[in-house]
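A short worksheet on the structure shown next.
Laboratory data are not the source of any read-out in this text; all were calculated from the coordinates shown. Quick caveat, the model's predicted, so the values are computed rather than measured. As a convention, Cβ positions derive from the backbone with ideal geometry for all residues, glycine included, and neighbour counts pool all protein chains shown.
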Amino acid sequence: VDQKKIPYLALNEALFANICPAATTRYVLQLGGKMETQKSSGVWISTGTGSTGAIKSAGGKAMLRSDGRLQYLIREPFLEKARKHNYMKGILKPKQRLNLVSKMENGCIFLDGTHYSEKISYGAKVTFVGNVSPLNALL
């Protein structure tokens with residue numbers, strides 16, 4: 001958030017949304033040098049591990065748990081008829097950045113459901129980078 005790392009590593013997913021679930025999430029999505037102003041109920045960003053949960057239920061695709069890429073999906077987009085919407089979902093290439101610039105006073109990022117949340121103010125930029133470290137599990 002604004003070039004500062006959040007002190008929590010998400011295992012499954014992040015949700016960028018308005019802090020009030022009934023309010024519209026407003027933001028500018030920046031990807032690969034392109035920008036698109038959007039309104040929706042939020043943006044899911046998922047790791048391979050989290051790809052079989054919320055993002056898949058919303059229309060995303062299941063990925064291998066070991067996949068180091070991030071997947072994003074716009075939740076319930078507000079599609080304006082006069083505008084083309086190019087960035088509804090996708091998978092980030094390694095080192096590719098997805099920026100979400102908040103256009104709302106009461107934004108929030110939620111990591112792994114309710115495990116961690118951080119308020120996002122108007123104009124704040126939240127950056128996701130498309131390469132995540134694999135998680136080593138001991139059984």
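Things to note:
- Projected label distance in nm at K34 and L64, using a 7 Å step from Cα toward the beta-carbon: 2.8 nm
- By average C-beta atoms within 10 angstrom, highest first, the peptides 7-13, 31-37, 46-52: 46-52, 7-13, 31-37
- Dipole magnitude of the chain about its Cα centre (Cβ charges: Lys, Arg +1; Asp, Glu -1), debye to nearest 20: 480 debye
- Candidates S40, T127, G90 compared by Cα position along the dipole of the chain: farthest toward the positive end lies G90, with charges placed on Cβ.
- Between N86 and C20, the modelled label-to-label distance comes to 3.3 nm, taking each label 7 Å out from Cα in the direction of the beta carbon.
- Checking (1) 47; (2) 41; (3) 37 against percent of Cα pairs over 21 Å apart calculated from these atoms, the matching label is (3).
- For the chain, adding -39500 (n - 2.57) for each run of n ≥ 4 DSSP H residues and dividing by the number of residues yields -500 deg cm²/dmol at 222 nm.
- N106/K4 FRET efficiency (R0 25 Å; Cβ-Cβ; nearest 0.05): 0.80
- Across segment 14-30, rounded Karplus estimates of 3J(HN,Hα) from the backbone phi angles (6.51 cos²θ - 1.76 cosθ + 1.60, θ = phi - 60°) give 10, 10, 9, 7, 6, 5, 9, x, 8, 8, 6, 8, 10, 6, 10, 8, 10 Hz, Gly and Pro being marked x.
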